[in-house]
Amino acid sequence: MNDSVKRAAELVRSYDGRQLRVMEVCGTHTHENFRLGIRGMLPDRIRLISGPGCPVCVTPVGYIDQAMFLARERGCTVCTFGDLIRVPGTDGSLATARAEGAKVQMVYSPIDAEDYAGTHPDEQVVFLSVGFETTTPASCIAVRKARERGMTNFSLLTANKTMDNAYRALKGSADAFLYPGHVSTMTGTAIYRELLAEGVSGVVAGFTAPELVCALAVIVKMSEKGEPFFVNCYPRVVTDEGSPSARRIVSETMEPADSEWRGLGVIEGSGLKLRDEFSDFDARIKYDVPQIQGRANPGCRCGDVLQGKINPSDCPLFGRVCTPEHPVGACMVSSEGACSAFFKYDSSR
Ligand code: SF4
């Protein structure tokens, strides 16, 4: 640890000002703050709270139900990242559907799903396109590639989300946001400057121990001034302009739409759907998928966890009924979920 990081750590450790609530927007930050021992070194007056930055966690139950409808009722092959397979829908999970004989295929990227469709022309393949600014460009590339190849057996069930309006929906939930490093590589920092003008404070943080400690020290130092602030504490990776080429491919393929977030409800303009010229690749249109109002387990408090209202360990099901082996809610399934982080690292549970 070099001297400046030591000083930053000391500044954080010795903080005794007003209570600070810092929202870890990104699930990876939650896990790294635990894993690297940073959470353990914080004084009581700095409270880390989890936010909505895990794509699997914020995907609503109704979306899982739609995926199961495609697998069960339409006979589609549903391709998805592994975590989504175990997220409970209203009536079981995709793992349940697979055990019943439905075709559910785990993939590592949308391009893998498009490749799968190319090598299985007799199957109707639907990729579950979830995620934020980091993963959406790959879904767009997959669709464009499928169109170039003249494929008619590949489509997306979209639930892609953008973070800007989610930050606005969460205004007041925290004193400062720990903005996500990965998403920021795509968006750049303009959005944070807009939020700053609206009175929202935050810092972009990296993922190493020195980067996280320094980001927290900046929050401590800037908060003392009592003014809203924004600092990019991850400049080695995050630039002001982000990735214009990734944003362009997204804007040429998808357009903004209202989107439902688990726990936060429908947030205007916080999602993306395929543009009309790509409607042949929109699974909702292609397979006439109904709107489904999903029902989560009534005991699950994922919604409150995702808004930073409670810690996972405050959920009555945590660690007793709900564990990584038998997850009741999405936040315990996902490797980025706050409940799984608390289960893995919080020895006080
Ligand atoms: S511990 Fe389980 S049931 Fe409770 S909020 Fe987390 S995922 Fe839901």
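The values are calculated or read from the model by the stated rules, or taken from the named source; none is laboratory data. Since the model is a prediction, treat every value here as computed from it, not as a measurement. Note that each Cβ is placed from the backbone with ideal geometry, even for glycine, and that neighbours are counted across all protein chains shown. Areas reflect the complete protein model, heavy atoms only, side chains present, ligands, DNA and RNA absent. Shrake-Rupley method; radii C 1.70, N 1.55, O 1.52, S 1.80 Å.
For the stretch 1-53, taking the residues that are among the β-branched types (Val, Ile, Thr) and open to solvent by less than 20 Å² (accessible area, probe 1.4 Å), the one that is nearest to the chain's Cα centre (by Cα) is identified as 25. When 230, 177 are checked against the criterion of being buried (at least 18 other Cβ atoms within 10 Å of the Cβ) and closer than 18 Å to residue 31 by Cβ, 177 stands alone in meeting it.
Residues in the stretch 280-289 that are open to solvent by less than 50 Å² (accessible area, probe 1.4 Å) and of a type outside the set (Gly, Ala, Ser): 281, 282, 287, 289.
Applying the condition of being within 7 Å of the ligand (Cβ to nearest atom) and either charged (D, E, K, R) or within 21 Å of the chain's Cα centre (by Cα) (or both) to the stretch 281-302 and asking which residue is nearest to residue 341 (Cα to Cα) yields 302. Checked against the criterion of being surrounded by 24 or more Cβ atoms within 10 Å (Cβ to Cβ), within 25 Å of residue 342 (Cα to Cα) and in contact with a Pro (Cβ under 6 Å, 6 or more places away or on another chain), the candidates 87, 58 yield just one match: 58. Of all residues in the stretch 331-349, those that are in contact (Cβ under 8 Å) with a residue 60 or more places away in the chain, more than 8 Å from the ligand (Cβ to nearest atom) and not in a helix (DSSP H, G or I) total 4. Every listed requirement among (1) part of a helix (DSSP H, G or I); (2) closer than 27 Å to residue 25 by Cα; (3) over 17 Å from the mean Cα position of the chain (by Cα) is met by residue 114 save one, (2). A count restricted to the stretch 308-325 and to residues that are acidic (Asp, Glu) and within 9 Å of the ligand (Cβ to nearest atom) stands at 1. Per the listing 305, 328, the residue uniquely within 16 Å of the ligand (Cβ to nearest atom), crowded, with 19+ Cβ neighbours inside 10 Å and assigned to a helix (DSSP H, G or I) is 305. Of everything listed in (1) over 16 Å from residue 77 (Cβ atoms); (2) open to solvent by 10 Å² or more (accessible area, probe 1.4 Å); (3) free of Cβ contacts under 8 Å to residues at least 60 places away in the same chain, the single unmet condition for residue 184 is (2).
When 199, 269 are checked against the criterion of being at positive phi, open to solvent by 20 Å² or more (accessible area, probe 1.4 Å), out of contact with any His (no Cβ under 8 Å at 6 or more places or on another chain) and part of a loop (DSSP other than H, G, I, E, B), a single residue qualifies: 199. Residues that are of a type in the set (Gly, Ala, Ser), at pLDDT below 90 and within 22 Å of residue 167 (Cα to Cα) are absent from the stretch 246-262.
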